[in-house]
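Enquirer: The structure's right below; bear with me while I get my questions together.
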Amino acid sequence: MKNKIHEGRKFSYDIIEATHKKYLNKKGFNKSKYLEKRNCPICKNKKYRYLFKKRGGIYVCCKNCNMVYLNPVFKNKSLILHYKNLCDLQSAIIKNENRFYIKIYTKGLNAIEKYKKRGSLLDVGCSSGYFLDLAKKNKWNTFGIELNKKEAKISKKNILFMKKNYMKLTITRHTM
């Protein structure tokens, strides 16, 4: 059965695919200038076996601990430049697909509230701050970090915009 929550999202898929294609070579793999090889992120083993290719990335399995991960992976510098220079696409997507995001962000907030009723909430990679706006309406003390200047400007009050020392952060939230 098809997942109905994603119906009518052609606008976002088209934007995401157009942006994604900029990073692909003629064979459909991510361009090597953006990438670096890495060891297993769990056990640091260098040995892996190839599993499959998906959306330009090569997925491998560690021969020691069986962790599945991308290898090679985008360099930190490449990721930071990508997010800093990305135009305000996410805010346009959210504006166009408002009902979807209200539904999905409400589910996310409800999941968080199973473990913590209220307090402070930090959204790393908060885009235009739409999730933070929803959380604020639900009595959360909200903070956000966004590398993209245009998205950060849109989010106004909710953002702790990072200008310096961004390389020291470990980015743990990523759209998959």
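The values are calculated or read from the model by the stated rules, or taken from the named source; none is laboratory data. Please read these numbers as outputs of a predicted model, since none were measured by experiment. Here the Cβ is made from the backbone with ideal geometry for all residues, glycine too, and neighbour counts use every protein chain on show.
Enquirer: Determine which single condition TYR83 fails, assuming it passes every other condition in (1) among the hydroxyl-bearing types (Ser, Thr, Tyr); (2) assigned by TED's automatic domain parsing to the domain that holds GLY144; (3) more than 21 Å from LYS33 (Cβ to Cβ).
Expert: Result: TYR83 passes all but (3).
Enquirer: Hey, another quick one. Which of the residues that make up segment 37-58 are of a type outside the set (A, V, I, L, M) and closer than 30 Å to SER91 by Cα?
Expert: The answer is LYS53, LYS54, ARG55, GLY56, GLY57.
Enquirer: Residues ASN64, ASN148, ASN138: which one is more than 30 Å from LYS26 (Cα to Cα), polar (S, T, N, Q) and not assigned by TED's automatic domain parsing to the domain that holds LYS27?
Expert: ASN138
Enquirer: Same structure again: Would you confirm whether any residue within segment 55-63 is loosely packed, with under 11 Cβ neighbours inside 10 Å, assigned to a loop (DSSP other than H, G, I, E, B) and of a type in the set (Lys, Arg)? Let's see the steps before the verdict.
Expert: Within segment 55-63, the subset loosely packed, with under 11 Cβ neighbours inside 10 Å is none.
There is no residue in segment 55-63 that is loosely packed, with under 11 Cβ neighbours inside 10 Å, assigned to a loop (DSSP other than H, G, I, E, B) and of a type in the set (Lys, Arg).
Enquirer: Now a separate question. Tally the residues that are surrounded by 12 or more Cβ atoms within 10 Å (Cβ to Cβ), within 21 Å of the chain's Cα centre (by Cα), in contact (Cβ under 8 Å) with a residue 24 or more places away in the chain and in a loop (DSSP other than H, G, I, E, B), restricting the search to segment 24-54.
Expert: The number of residues fulfilling the criteria is 5.
Enquirer: Which members of segment 85-110 meet the condition of being more than 13 Å from SER128 (Cα to Cα), charged (D, E, K, R) and either surrounded by 16 or more Cβ atoms within 10 Å (Cβ to Cβ) or at pLDDT below 80 (or both)?
Expert: Within segment 85-110, just GLU97 meets the criteria.
Enquirer: Filter segment 111-124 down to residues that are surrounded by 13 or more Cβ atoms within 10 Å (Cβ to Cβ) and either at pLDDT below 90 or not in a helix (DSSP H, G or I) (or both), then give me how many there are.
Expert: Residues meeting the conditions: 3.
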